[in-house]
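Peer 1: Here it is, the structure, as structure tokens.
The values are calculated or read from the model by the stated rules, or taken from the named source; none is laboratory data. Please read all numbers here as calculations on a predicted model, not as lab measurements. FYI the Cβ positions are ideal-geometry reconstructions off the backbone, even for glycines, and counts take in every protein chain you see. Note: accessible area is taken over every heavy atom of the protein model, side chains too, but ligands, DNA and RNA are not part of it. Shrake-Rupley method; radii C 1.70, N 1.55, O 1.52, S 1.80 Å.
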Amino acid sequence: MSVKKTLGLPAGKLIAIAGLAGLLAGGAAIYVKESLSGNATGAVASADPAACPLAAARAEAITPFSKGQVAAMRTVDEHRPLPELVFDGPDGKKKTIADFAGKTLLVNLWATWCVPCREEMPALNALEKDLGSDKFEVVAINIDTGDDEKPKTFLDETKVHELAYYRDASMGVFNTLKKEGLAFGLPVTLLMDDKGCLISAMNGPAAWDSEDAKALINAALAGPKS
């Protein structure tokens, strides 16, 4: 896979962006943000180390794999659950990260008005096709305001059919992550372990169908060596 084909960006430019994102992790927005609305009412619950006893070791184990096309993925200061992320599932019913217990998750926020998001979605779709299982899922949450017409049309036009359709038209998920210092723009991606604990995060696009990305996910699934 060439980066240019997947993301519409020359390889050198993407790597430069990824490296800059890694250096600035937690510091500044890299991509243009839309004016926000939403119903996030407060920050995520304070970190409780006892709730995520293995997350730090897992983060350490995958750190060597945060390179190349996923160089911007960086471990977070506090490994914690994110219980207040509420969004709609494919059936329209409300879901939280707790509903995915037992699965390692790559949670991605995207919108049709976000050009890097649009270019990234086929790669996320390919990652889900290759590695999706009862142990791993790409949870791509669309945050377009309004109805479902635009996002569903985009997914159909780009043949993104492996990803389950998750939605938050209120943008509350984005606003919550912004308050936690995890989201500065779109796309934003979180890696969470099978206990629902945050391991690492990145802002900006990545070639998620690359060998670098697959190695990162497989390392997360394998966990720390004893």
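A quick yes/no check of all residues on (1) open to solvent by 10 Å² or more (accessible area, probe 1.4 Å); (2) within 27 Å of Leu221 (Cα to Cα); (3) at pLDDT 95 or above:
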residue	(1), (2), (3)
Ala123	no, yes, yes
Glu128	yes, yes, yes
Tyr165	yes, yes, yes
Lys179	yes, no, no
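This table checks each residue for (1) modelled with pLDDT of 50 or more; (2) among the hydrophobic types (A, V, I, L, M, F, W, C); (3) in a loop (DSSP other than H, G, I, E, B); (4) open to solvent by 70 Å² or more (accessible area, probe 1.4 Å).
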position: Leu9; (1), (2), (3), (4): no, yes, yes, no
position: Gly12; (1), (2), (3), (4): no, no, no, no
position: Leu20; (1), (2), (3), (4): no, yes, no, yes
position: Gly27; (1), (2), (3), (4): no, no, yes, no
position: Ala56; (1), (2), (3), (4): yes, yes, no, no
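Peer 1: Filter the stretch 134-147 for residues that are open to solvent by less than 60 Å² (accessible area, probe 1.4 Å) and either among the charged types (D, E, K, R) or assigned to a strand (DSSP E or B) (or both) and give the result.
Peer 2: Phe136, Glu137, Val138, Val139, Ala140, Ile141, Asn142, Asp144
Peer 1: Among the numbered criteria (1) assigned to a strand (DSSP E or B); (2) surrounded by fewer than 18 Cβ atoms within 10 Å (Cβ to Cβ), which one does Thr153 miss?
Peer 2: Of (1) assigned to a strand (DSSP E or B); (2) surrounded by fewer than 18 Cβ atoms within 10 Å (Cβ to Cβ), only one is false for Thr153: (1).
Peer 1: Next question. Name the residues in the stretch 87-102 that are in a loop (DSSP other than H, G, I, E, B), open to solvent by less than 80 Å² (accessible area, probe 1.4 Å) and more than 19 Å from Lys195 (Cβ to Cβ), would you?
Peer 2: Gly89, Gly92
Quick grid of which residues meet (1) within 25 Å of Ala57 (Cα to Cα); (2) touching a residue at least 24 places away in the same chain (Cβ under 8 Å); (3) of a type outside the set (A, V, I, L, M); (4) out of contact with any Pro (no Cβ under 8 Å at 6 or more places or on another chain):
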position: Asn142; (1), (2), (3), (4): no, yes, yes, no
position: Ala169; (1), (2), (3), (4): no, yes, no, yes
position: Glu180; (1), (2), (3), (4): yes, yes, yes, yes
position: Thr189; (1), (2), (3), (4): yes, yes, yes, yes
position: Ser200; (1), (2), (3), (4): yes, yes, yes, yes
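Peer 1: Quick check on this structure: which one of Asp99, Asp130, Asp144 is in contact with a helix residue (DSSP H, G or I) (Cβ under 9 Å, 6 or more places away or on another chain), of a type in the set (D, E, K, R) and closer than 19 Å to Val173 by Cα?
Peer 2: Working: Asp99 fails: in contact with a helix residue (DSSP H, G or I) (Cβ under 9 Å, 6 or more places away or on another chain); Asp130 fails: closer than 19 Å to Val173 by Cα.
On inspection, the qualifying residue turns out to be Asp144.
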